[in-house]
Amino acid sequence: MSPVEIAQAIGMTKGGASKLVDRLVKKGLAIKSVGEFDRRFRTVELTEAGRGLVPRFARFVDDTDREIFGNLKRRRRLLRTLKRVVHTRRPKEAQTE
């Protein structure tokens, strides 16, 4: 994937994803390559060490998701709280009037 595709896939800005990729490269978990036909194009892929972490992270995400959303009462409480937060925040324009 390109850094732009990664940014879109995980909902980050291009700059944020680029910094994330740089950190992964520095830790030896990813590599960046220059495009064959267009040297401006970069691709990013996980190294063997990075691919080895994927199952561990997937289990962590699954466990966390189950802990937060598995309990119906906790899920309802979280949804109520999030709705309150959304409804109590006002746009900046409305706050200055």
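Listed here are the residues, each with its yes/no results for (1) under 16 Å from the mean Cα position of the chain (by Cα); (2) touching a residue at least 60 places away in the same chain (Cβ under 8 Å); (3) farther than 16 Å from Ile6 by Cα.
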{"residue": "Arg39", "(1), (2), (3)": "no, no, yes"}
{"residue": "Thr43", "(1), (2), (3)": "no, no, no"}
{"residue": "Leu53", "(1), (2), (3)": "yes, no, yes"}
{"residue": "Val61", "(1), (2), (3)": "yes, no, yes"}
{"residue": "Thr64", "(1), (2), (3)": "yes, no, yes"}
{"residue": "Lys73", "(1), (2), (3)": "no, no, yes"}
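For region 11-30, filtering for residues that are part of a helix (DSSP H, G or I) and either closer than 21 Å to Ala49 by Cα or open to solvent by 90 Å² or more (accessible area, probe 1.4 Å) (or both) leaves 11.
The values are calculated or read from the model by the stated rules, or taken from the named source; none is laboratory data. All values reported here derive from a predicted model rather than from experimental measurement. With ideal geometry, Cβ positions are generated from the backbone for all residues, glycine too; neighbour counts draw on all protein chains shown. The protein model used for the area step is the full one, side chains on, heavy atoms only, and it has no ligands, DNA or RNA in it. Shrake-Rupley method; radii C 1.70, N 1.55, O 1.52, S 1.80 Å.
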